[in-house]
Amino acid sequence: MFIFLYIILKLFKNFANSDIIDVAEYLGGKILKIIIGILFIAYFIIISATQLRNFCEILKLIYFPQVPISLLIILFLIIAVLANKFGDTAITRINLIIVPLVMINLLVAFFCISIRFVPERIFPILGYGVNETFFSGATNLFAFTGLSYIYFLQPLLKDTQKFKKISFIGIGISAIYLFLSITTLLFSFADVLSINEISPIYVLVRGADWGRFIQRPDSVFFLGWILCMMSYISINIMMVSTVLKKLGNLNSKFPLAYISSGIMFIVAILPKNMAEIVFIENYIFKYYTIALLFVICFSILIFANLKHNKLKSPNKESELLNES
């Protein structure tokens, strides 16, 4: 993932202060711009809606069995819209608080569960082999969906010189989260993985204790999870509003947050049960993510750079002729 990110940042070098929508417009005009914009709007809405529905189902199962799932979804969307009312800067500053809290939360959960780890489960080191891990398993890169924000990050920065640094730090934090989560599951009991109705990590945390000092840390873990989901939905509504603003050439994007949240709500309540949500995430959205983030956007950046170099070459030749 770091190698892929490095290549993307190199491809963005010729397009300072631009995002993937701007690059698409440069390459294929308004038609390609609209197509990519719609694809990303669908992407952010689907991933937000499915994750929110999944989380609310767990929240309902554990704490609010009598509360309608639609009400829980609406509450999260209201918070996200209010966050967008205060602007991008407010959402960013709130995330500077939430991200460290979530990291601490995950570390506490990790160490609470560590007394039940079975280290031998790490073998064999490469699972079923190098081919299955690094080639057949390459589709698992879709877990780094945070790459989607990298494509839009550059114009949002006050100092675009820090684009590379921030991108690597962001993907690095995602990698740490994934490493802690996967390690926790890998070293724990195999029968936990068969639970589909609730998060396996939450099940492990709920049954964990750390002597007399930390007992039943699941409430703290769930609080961090709630904050994380609020932040996640707020950011995705911000991204959808940003894309809609660009496509419509609008001056303000906050009113678009109402439209974004409304569509998310409709998509979130469409699946009839958890089985449909799991199917959407594992079989439909997984390949949609790979196609959009790792194929389509990557191809747009490559061809845009080829076009840029082609247009630049005649200019260089004319400059040399003028100098001579």
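The values are calculated or read from the model by the stated rules, or taken from the named source; none is laboratory data. Quick caveat, the model's predicted, so the values are computed rather than measured. Because the Cβ atoms are built from the backbone with ideal geometry, glycine has one as well, and the counts that use them run over all protein chains shown. We work out accessible area using only protein heavy atoms, side chains counted, and drop any ligands, DNA or RNA first. Shrake-Rupley method; radii C 1.70, N 1.55, O 1.52, S 1.80 Å.
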Quick one: order Val220, Val102, Val240 from most to least accessible surface, probe 1.4 Å. Val220, Val102, Val240
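If you filter the range 24-109 for chymotrypsin sites (Phe, Trp or Tyr not before Pro), then keep DSSP loop positions with at most 16 other Cβ within 10 Å, what is left?
Passing both the DSSP loop test and the Cβ count: Tyr63, Phe86.
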Just need log10 I(q)/I(0) for the range 1-70 at q = 0.20, 0.28 Å⁻¹, Debye formula, equal scatterers on the alpha-carbon atoms, no solvent, rounded to two decimals. -0.88, -1.11
Between Ile259 and Leu311, what is 0.36 nm times their sequence separation minus the Cα-Cα distance? Round to one decimal in nm. 14.8 nm
Fraction of accessible area attributable to carbon and sulfur, the range 1-110 (%, probe 1.4 Å): 74
Extreme residue, positive dipole direction of the chain, given options Asn17, Ile91, Leu306 (C-beta unit charges): Asn17
Over the range 1-145, give the accessible area per residue in Å² for a 1.4 Å probe, as an integer. 54
Where labels lie 7 Å past Cα in the beta-carbon direction, separation of Leu250 and Tyr287 in nm: 3.4
Going through Lys245/Lys312; Lys10/Lys253; Lys10/Lys310; Lys165/Lys310; Lys158/Lys286; Lys13/Lys158 one by one, the pairs whose alpha carbons sit over 25 Å apart turn out to be Lys245/Lys312; Lys10/Lys253; Lys165/Lys310; Lys158/Lys286
Here are a few candidate values for P(r) over Cα pairs in 10 Å bins from 0, in percent: (1) 6, 27, 37, 24, 6, 0; (2) 5, 23, 27, 21, 16, 7, 1; (3) 5, 22, 32, 24, 11, 4, 2, 1, 0. Which one was actually calculated from the structure I just gave you? (3)
How far apart, in nanometres, would the label points at Leu75 and Leu223 be if each is projected 7 angstrom from Cα along the Cα-to-Cβ direction? 1.6
